[in-house]
Amino acid sequence: MDLFEKYDESIQLTYRYTYRMLVHLKNIRDNFNKLDNPDEITKEVYRDSIVKKYETLEDLTWKLLSKIFKSSGIEINNPRGCYKQAFKEGLIDNVDLWNEILLSRNATSHIYNEKDYEKIRSEIVNKYICAFESLLSNIKNKVM
């Protein structure tokens with residue numbers, strides 16, 4: 001049994017859960033965009049939901065990459081290393097964007113300012129979702 005076979009089930013499960021998290025995040029975004037004149041509490045609830053799903057999605061994504069690399073004999077146990085390796089292997093095309101994704105993820109735990117929190121929400125909706133979609137599509141096409 002080669003390493004990939006050993007990790008295949010775990011990779012498949014993590015991929016499906018990661019993809020499901022991306023779908024949830026997109027659904028939250030899309031449902032919010034359909035609202036006419038949401039009040040401040042509704043905006044806050046949606047923003048917080050987007051950020052929380054994003055945190056989970058980013059965590060699942062780098063762990064999925066880690067499992068994929070481990071199955072081919074490369075041990076990487078941190079998100080930055082996983083994103084660098086994914087870039088080297090052609091799974092992502094913009095490592096700077098993924099560094100930004102990671103910085104934003106790390107910042108979400110330490111933001112106490114509404115303006116900064118809203119800026120990250122905007123980046124998630126306008127840039128990061130597409131990056132996750134592209135990566136998961138590449139994983140499906142090249143790895144699965």
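Readers should treat all values here as calculations from the given coordinates under stated rules, not as data from a laboratory. Note that the coordinates shown come from a computational prediction; the quantities given were computed from them, not determined experimentally. Neighbour counts run over all protein chains shown; Cβ positions are idealised from the backbone, glycine included.
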Using just the C-alpha positions of the range 65-127 as equal point scatterers, what log10 of I(q)/I(0) does the Debye formula give at each q in 0.15 1/Å?
-0.54
What does the charge dipole of the range 3-142 about its Cα centre add up to, to the nearest 20 debye, if the Cβ of each Lys and Arg holds +1 and the Cβ of each Asp and Glu holds -1?
380
Which of the aspartates and glutamates could a cross-linker span from LYS88 if the Cα-Cα distance has to be under 18 Å and same-chain partners fewer than 8 positions apart are dropped?
GLU75, ASP96, GLU100
Going down the table (LYS52/LYS142; LYS43/LYS119; LYS26/LYS119), which pairs top 25 Å between alpha carbons?
LYS52/LYS142
Taking the Cα centroid of the range 1-61 and of the range 111-125, what is the distance between the two, rounded to the nearest whole Å?
17
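Do any GluC sites (Glu not before Pro) in the range 65-144 lie in a loop, going by DSSP, with at most 14 other beta-carbon atoms within 10 Å of their beta carbon, and if so which? List each step's numbers first, then the result.
Details: sites: GLU75, GLU89, GLU100, GLU114, GLU118, GLU123, GLU133; in loops: GLU75, GLU89.
Listed in order of number, the matching sites are GLU75.
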Loop-located chymotrypsin sites (Phe, Trp or Tyr not before Pro) in the range 96-133 whose Cβ has at most 16 other Cβ within 10 Å (DSSP):
TYR112
Any idea what the alpha-carbon Rg over 2.2 N^0.38 Å comes to for the range 3-142?
1.10
How far, in degrees from 0 to 90, does helix 114-123 lean away from the longest principal axis of the Cα atoms of the chain, to the nearest 10?
50
Relative contact order [Cα under 8 Å, 6+ residues apart], the chain, whole percent
29
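Report, in cubic angstrom per residue, the convex hull volume of the C-alpha atoms of the range 1-66.
About 56 Å³ per residue, rounded to a whole number.
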